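What follows is a short report on a single structure.
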Amino acid sequence: MTTRTLHLNAWNVFTKMRSIETFVREDKFDNDNEFREYIEQHQPFDKKRQHRKKTIKNENTHFIDPETGDQRKVETFEHFRLMALQEWKDLSCDEKEVFRKIALEINKKHRQKIEDTANLQRGRQLFQGELTKLHGKMESARQIMQDIANEVGKMQNNLQDDQTETANEN
């Protein structure tokens, strides 16, 4: 998981939605809840930006040519940008507010993911540190046990030697 933060705004969310409708899906989202579900499922904002040639799937995507005033089909990225800008300008403040709220939700969830990842990483580091300390203590205990075993072995040898000397004297 990357640690880059998202700074989405209503325009970013709107253009992403229109991009998905134009280049990925055959039709438009029915409502903002359907778009939210799509975001949850596919997480399009979590992916790194990729520049690639896109093909238009939505054949009903048109824009008003600023030079001629005619309705033209979206065929290039520049056409898409003009179409999205024209549609954005036509949105009411309430409609734009919906996209702003979606952007805030996505930003908040993304920050929470970053914090959760950081907390998990800190937890792993603490656990690793405790594990290292425990391993050191186990090594110390192992060395003490080895020293005791050596002392017991020496004492047994001394006892055997004493018993052998006593038996030889008799």
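The values are calculated or read from the model by the stated rules, or taken from the named source; none is laboratory data. Just so you know, these numbers come straight off a predicted model, no measurement behind them. Surface areas here come from the heavy atoms of the whole protein model, side chains and all, with no ligands, DNA or RNA. Shrake-Rupley method; radii C 1.70, N 1.55, O 1.52, S 1.80 Å.
So which of Lys54/Lys89; Lys57/Lys109; Lys16/Lys89; Lys28/Lys113 end up more than 18 Å apart, counting from Cα to Cα?
Table pairs above 18 Å Cα-Cα are Lys54/Lys89; Lys57/Lys109; Lys28/Lys113.
Compute and list, largest first, the equivalent-ellipsoid semi-axes of segment 54-99 from the alpha carbon gyration tensor, each √(5λ) rounded to a whole angstrom.
Semi-axes (√(5λ), whole Å): 21, 14, 8.
Between helix 32-42 and the chain, what is the angle of the helix's C-alpha long axis to the longest principal axis, kept within 0 to 90° and rounded to the nearest 10?
40 degrees
May I ask you to compute the full-extension gain from Ala118 to Arg36, defined as 0.36 nm times their residue separation minus their alpha-carbon distance, rounded to one decimal in nm? Display every interim value, and only then the final one.
Values: separation 82, 0.36 × 82 = 29.52 nm, distance 2.59 nm.
Extra length available between Ala118 and Arg36 comes to 26.9 nm.
Whole-Hz ³J(HN,Hα) for each residue in segment 121-132, computed from phi via Karplus 6.51 cos²θ - 1.76 cosθ + 1.60 with θ = phi - 60°, x for glycine and proline: what do you get?
My calculation for segment 121-132 gives 5, 4, x, 4, 5, 4, 4, 5, x, 5, 5, 5 Hz in order.
How much length, in nm to one decimal, is gained on full extension between Thr76 and Lys108, taken as 0.36 nm per residue of separation minus their Cα-Cα distance?
Taking 0.36 nm per residue and subtracting the Cα distance, the gain is 8.2 nm.
Kindly write out, for segment 69-84 in residue order, the coupling ³J(HN,Hα) from the Karplus curve 6.51 cos²θ - 1.76 cosθ + 1.60 (θ = phi - 60°), rounded to whole Hz, with x marking Gly and Pro.
Those phi angles translate into x, 7, 7, 10, 6, 6, 10, 10, 4, 4, 4, 4, 4, 5, 4, 5 Hz.
Springs between alpha-carbon atoms under 10 Å, Gaussian network over the chain: tell me which of Asn158, Asn58, Asn33 tops the mean-square fluctuations.
Asn158
Hey, any idea what % of the chain's accessible area is carbon plus sulfur with a 1.4 Å probe?
With neighbouring chains kept in place, the figure for the chain is 51 percent.
Comparing Glu130, Glu87, Glu40, which has the greatest mean-square fluctuation in the GNM of the chain with Cα pairs linked when under 10 Å apart?
Top of the fluctuation ranking is Glu130.
Would you calculate the volume per residue, in Å³, of the smallest convex hull containing every Cα atom of segment 29-141?
Values: hull volume 18.0 nm³, N = 113.
Convex hull of Cα atoms, per residue: 160 Å³.
Per residue, what accessible area does the chain have, given a 1.4 Å probe and all protein chains present, in Å²?
Result: 77 Å² per residue.
In degrees from 0 to 90, rounded to the nearest 10, what is the angle of the helix 10-19 Cα long axis to the longest principal axis of the chain?
Compared with the principal axis, the helix lies near 80 degrees.
As a check on your grasp of the helix formula, calculate [θ] at 222 nm for the chain: sum -39500 (n - 2.57) over DSSP H runs of n ≥ 4, divide by the residue count, round to the nearest 500. Could the numbers behind the result be given before it?
Values: 4 runs with 112 residues, N = 170.
It lands at -23500 deg cm²/dmol.
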